1. Residue check: is residue 186 more than 17 Å from the chain's Cα centre (by Cα), modelled with pLDDT under 95, more than 22 Å from residue 139 (Cα to Cα) and assigned by TED's automatic domain parsing to the domain that holds residue 46?
2. Which numbered condition in (1) out of contact with any helix residue (DSSP H, G or I) (no Cβ under 9 Å at 6 or more places or on another chain); (2) over 17 Å from residue 143 (Cβ atoms) is the only one that residue 32 fails?
3. Hey, can you tell me all the residues within region 162-188 that are assigned to a loop (DSSP other than H, G, I, E, B) and either buried (at least 22 other Cβ atoms within 10 Å of the Cβ) or touching a residue at least 40 places away in the same chain (Cβ under 8 Å) (or both)?
4. Can you pull out every residue in region 135-161 that is in contact (Cβ under 8 Å) with a residue 40 or more places away in the chain, in a strand (DSSP E or B) and exposed (fewer than 14 other Cβ atoms within 10 Å of the Cβ)?
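The values are calculated or read from the model by the stated rules, or taken from the named source; none is laboratory data. As the structure is a prediction and not an experimental result, all values here were calculated from the model. Here the Cβ positions follow ideal geometry from the backbone for every residue, glycine too, while neighbour counts run over all protein chains shown.
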């Protein structure tokens, strides 16, 4: 069973100055004037193992979470052929002898294999005979209630130098800022939510997992058709509140996939 810690930290602060993007430093920034509507438009953050796609919604922020071990099936290593070198040597001899037609269909007999005494085929670590689909870990939603106020001065960006995805906008005279990044040293995905007026910040957080991933995951790749079908109905994970700001998520992503525990 694989075990890892996914830490989502929300640092809530009322700041005197929310801060504005520096237009002079725009060469290392991808920026947009509206939230992402599709997965391809979201901004990626990650540390090589855990990551998120940040959509930057105003009333509902969506962080689509990923972890590197979540796949639609367990790996089946390829086997190394211990007779490969001898087979290659014999094929070269046939080529040098001008017997080109005999090269493609050449095989060592079972008696020849036993005479070589090379042992049984061995598994090759890090390989797989099957192609599996990479599955999402889950979804973190942050719901904000700004009443009837409309957002103004909206901007979301990804700083390619700091690897921080930032969403900024104003609503009801309050400037709101969200920053999301994934830290390798801390092994954590961090979300910081701030407002420039005391008491103006309030939201509800919801963790969920989509069951209809076929609609937006690899739907354009016919080669993965069977694998896409296999990830449409995984067992529902179980959420447990551990007290304070800690939770556990336990379950199996797919019957023949990777079982996990997420404390």
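1. On the way: more than 17 Å from the chain's Cα centre (by Cα): yes; modelled with pLDDT under 95: yes; more than 22 Å from residue 139 (Cα to Cα): no; assigned by TED's automatic domain parsing to the domain that holds residue 46: yes.
No; evaluated as a whole, the condition is false for this residue.
2. (1)
3. So in region 162-188, the residues assigned to a loop (DSSP other than H, G, I, E, B) come out as 162-163, 172-173, 184-187.
Scanning region 162-188 gives 163, 184, 186, 187.
4. Initially, region 135-161 is screened for residues in contact (Cβ under 8 Å) with a residue 40 or more places away in the chain, giving 135-146, 151, 154-161.
Now restrict to residues that are in a strand (DSSP E or B): 138-144, 151, 154-159.
Once the filter is applied, which keeps residues that are in contact (Cβ under 8 Å) with a residue 40 or more places away in the chain, in a strand (DSSP E or B) and exposed (fewer than 14 other Cβ atoms within 10 Å of the Cβ), region 135-161 yields only 143.
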